[in-house]
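One structure below.
Just so you know, all these numbers are worked out from the coordinates, no wet-lab data involved. None of these values were measured; they are calculated from a predicted model. In this analysis, Cβ positions are derived from the backbone assuming ideal geometry, glycine residues included, and neighbour counts consider all displayed protein chains.
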Amino acid sequence: MGERFRAYLDDELEPAERAALDAQMAASPELAAEFEDYRRTVELLRALPLPEPPERFAERVEGRIRRRSHGRWFALEPRLRLPYEAIATVALLATMALLLLHVAPPLERPQLLGRCGDATVSAELDRVEAALAPWGELVAGAECWLGVTVPAAQAPAFREAFARDWPAWEAEPVGEPGGALRFVVRPRPQ
Amino acid sequence: VVDARGRPDDPGSERELTERLRRRDEQAFRELVRTYQRPVYALVYRMLGDEEEARDLSQEVFVSVFRAIGTFRGDSKLSTWLFRIVTNHCRNRQKYLGRRQHGKRQPYEETEEQAEMTGGDATVLGERPPRPDREVEGRRLETAIQRAIAALEPEQRELVVLRDIQGLSYDEIQRVTGLPEGTVKSRLHRARLALKEALAPHVDG
């Protein structure tokens, strides 16, 4: 019976099917009550209000984009824009360097642990992760690779776009879980 | 132009907006956020059920949109592509929160006292009754519904939110989730049955 309740509410039943279900409900108060509860449940869901976003939402998003991109993502306006983020970063680094020189003992040079320990890779990984969001579901990840599951229908477009936009990275197919393709995304070996 | 559930309803303006976004037009980005912030925030909030998480993740969605707009080919509506990003982000965040056993927090456990205290600012279901006691009742009901939604399996919750709360068509849902039509409909039906049981005290009579 179940699916017919959904089809009835979505107006997908043929006139004959609809009439048959109406007749069944007329003959069975229990069935009619069950359908009424189903209909009322859907009605409650449809009446839920859309919550308002928090105040200054747009400004917060814009601020987040400026911070992440160091002011580079928006097209430059005709007038010269002062690189506030860069100035602030240089000032902060200079202050930290002064503090380290005068307060902290000299640090040992950190040992590089191959590409997985490469700060450039780690920073890039964050950007790659964001770029993957429209394409599929992230299924795993580590310091230097990501797993993503892409619906099979979108997989060719994904591969084409990924190869174009991220030439220094590769997306290797590693499985086909239920109508999708799973890729491991990582920096290309040098 | 947006429809009753806050979704844009004008293909011409959507195409123009997309083109301007590709050119990294700052003003276009503001228009995008202004137009979609409510449906995106609402979708994330109903999926995650936590205001703090919803605030953070809905911002991340727009960051992703702006980063990836160059890959949007216009094969689907901008809103469909946007909702796909939202659902992917929500799936990932739910997994992350699950790993951190975030579920123990019970974000919907609003007490009766809290419901009464917040009743003045409350959004209520359906028509807005003028009496304060009905407002409180409406808020309690919303809390009960949100709790029942949160108890669903994530893949069922996603469909209930997209179809019954956000009001997407089955075709749009297929494009957003990548699921076949039959799976969408049967899974949605099972989700509604589970909600019917969970909300029986509010539904009966």
Original post:
How would you rank B:139-152, B:19-32, highest first, on the average number of other Cβ atoms within 10 Å across their residues?
Top reply: B:139-152, B:19-32
Original post:
Shielding of B:50-61 by partners, i.e. mean partner chain Cβ atoms within 10 Å per residue?
Top reply: 3
**OP:** Over the whole of A:178-185, what's the average partner chain Cβ count within 10 Å per residue? Rounded to a whole number, please.
**Re:** 1
Subject >> Packing-based exposure ordering (other Cβ within 10 Å, fewest first) of A:Glu55, B:Glu181 >> reply: A:Glu55, B:Glu181
Subject >> Order of B:Arg84, B:Arg99 under a 10 Å beta carbon neighbour criterion, fewest first >> reply: B:Arg99, B:Arg84
